[in-house]
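Below is one structure; the comments refer to it alone.
The values are calculated or read from the model by the stated rules, or taken from the named source; none is laboratory data. If you're wondering where the values come from, they're calculated on a predicted model, not measured in any experiment. FYI the Cβ positions are ideal-geometry reconstructions off the backbone, even for glycines, and counts take in every protein chain you see.
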Amino acid sequence: MIEVNAATPIWIWLDSAATCNIACKLCYTTPMRSPSFMPLELFTGIVDAVRAAPVEVIKFHLNWRGEPVSNPRLAQMLSILSRHPWPVEWHTNATMLTRRKAAAVVESHPGQRIMLSLDGGNRSSFEANRGAGTWSRALRGAEALLDARNGRPNPSIGIHQLDLGVDPRQWETRFHDIVSRVDQHVIEKPVDLDGAVVGHQPVAIPDGPCFWMGNILAIDVNGDAWTCLLRNGTRLGSVIAEGVQPLLDRARTLRQRVAHGTRAAVPGCATCRKKEGHAWV
Ligand code: SF4
């Protein structure tokens, strides 16, 4: 057994919802969707299991495969997390953020960070990925969220933008206005189903483990934990039935198996092109 000591950092991605109201072409989680939400009782059980584990939560993400706002219990989940010292972050496509929902999530956890997934920077690029009619709804939701903060510094609100090759001079004025109101603006290349960066030349399958393996638990709507966010991740077990430490042990054993051999040592990882990575703390 691998010992997990009090300083062991862990990143948690929890699937508050496995369903999404839109189907983006560039989403690597689409094949893993189901029409399910995480029930509040299961969520509280998982929070209790994390609290009982000898780990340091570096970040508690409230999203993975679906759209968090589609879960009617999201604000309650955030409120529960506000009682713990863990940094909380979640990403949203913003299209379901009415003024009422925006106010509820903003008030539920002052320390959270909410990242708005606003790709491309203009309607044509955004809707080529996310579907017709989504741009206006996303901008309206983003503005509702920023308005709900009402000039306060908290919660932190940012933009996570997929780089769709649009020159910033072609970004729409309304998008520029939203950019000027957020605290953080991250622009990244989209990731493919096999972990490769979309639009780049195919790279050889790396030998070593990715960052996720052994550093995170990706927890689905049923409370099962997986090694990573990709569809080829390895199931580790039930958080409720076993607790956090045995599952982390299992993930770190898999990491060592890859580190001492190649990705072929773990069947799900054998064809994965996700880049190698270590924990950064
Ligand atoms: S290497 Fe394995 S654990 Fe890492 S992203 Fe790929 S499938 Fe997931």
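So which residues in the range 212-228 are within 11 Å of the ligand (Cβ to nearest atom) and either modelled with pLDDT under 95 or of a type in the set (S, T, N, Q) (or both), if there are any at all? Show your work before the answer.
Here is the first cut: in the range 212-228, the residues within 11 Å of the ligand (Cβ to nearest atom) are 212-216, 218, 226-228.
Passing the criteria: ASN215, THR227.
Taking the options LEU81, LEU74, LEU97, LEU62, name whichever one is at pLDDT 95 or above, of a type outside the set (Phe, Trp, Tyr), assigned by TED's automatic domain parsing to the domain that holds ARG130 and in contact with a Leu (Cβ under 9 Å, 6 or more places away or on another chain). Walk me through how you get there before you give the answer.
Numbers: LEU81 fails: assigned by TED's automatic domain parsing to the domain that holds ARG130; LEU74 fails: assigned by TED's automatic domain parsing to the domain that holds ARG130; LEU62 fails: assigned by TED's automatic domain parsing to the domain that holds ARG130.
Going through LEU81, LEU74, LEU97, LEU62 in turn, just one is at pLDDT 95 or above, of a type outside the set (Phe, Trp, Tyr), assigned by TED's automatic domain parsing to the domain that holds ARG130 and in contact with a Leu (Cβ under 9 Å, 6 or more places away or on another chain): LEU97.
Take the range 166-182 and flag every residue that is free of Cβ contacts under 8 Å to residues at least 40 places away in the same chain and in a loop (DSSP other than H, G, I, E, B).
The answer is ASP167, and nothing else.
Could you give every pair whose Cβ atoms fall below 7 Å, whose first residue belongs to the range 110-137 and is closer than 25 Å to LEU62 by Cα and in contact (Cβ under 8 Å) with a residue 12 or more places away in the chain, and whose second residue is assigned to a helix (DSSP H, G or I) and of a type in the set (Ser, Thr, Tyr), counting only separations of at least 6 or pairs across chains?
Partner pairs satisfying both residue conditions: ASP119/SER125; PHE126/THR134.
Identify the single condition in (1) within 15 Å of the ligand (Cβ to nearest atom); (2) outside the structural domain of ILE10 (by TED's automatic domain parsing); (3) of a type in the set (A, V, I, L, M, F, W, C); (4) in contact with a strand residue (DSSP E or B) (Cβ under 6 Å, 6 or more places away or on another chain) that VAL182 does not satisfy, given that it satisfies every other one.
Exception for VAL182: condition (1).
Contact list please: Cβ distance under 7 Å, first residue in the range 241-260 and closer than 14 Å to ASP224 by Cα and of a type in the set (Val, Ile, Thr), second residue part of a helix (DSSP H, G or I) and away from the ligand (no atom under 11 Å from the Cβ), pairs at least six apart or on different chains.
Listed pairs, sorted by first residue: VAL244/ALA49; VAL244/VAL50.
Confirm whether GLY45 is at pLDDT 90 or above and assigned to a loop (DSSP other than H, G, I, E, B).
Details: at pLDDT 90 or above: yes; assigned to a loop (DSSP other than H, G, I, E, B): no.
Against the criterion (at pLDDT 90 or above and assigned to a loop (DSSP other than H, G, I, E, B)), GLY45 does not qualify.
With touching a residue at least 24 places away in the same chain (Cβ under 8 Å), of a type in the set (A, V, I, L, M) and outside any loop (DSSP other than H, G, I, E, B) as the only criterion, which of ALA94, ALA103 stands out?
ALA103
Could you identify the single residue in LEU247, LEU236 that is more than 9 Å from the ligand (Cβ to nearest atom) and in a helix (DSSP H, G or I)?
LEU247
Given the criteria over 24 Å from the mean Cα position of the chain (by Cα) and within 16 Å of the ligand (Cβ to nearest atom), does ALA259 qualify?
So ALA259 fits the description; yes.
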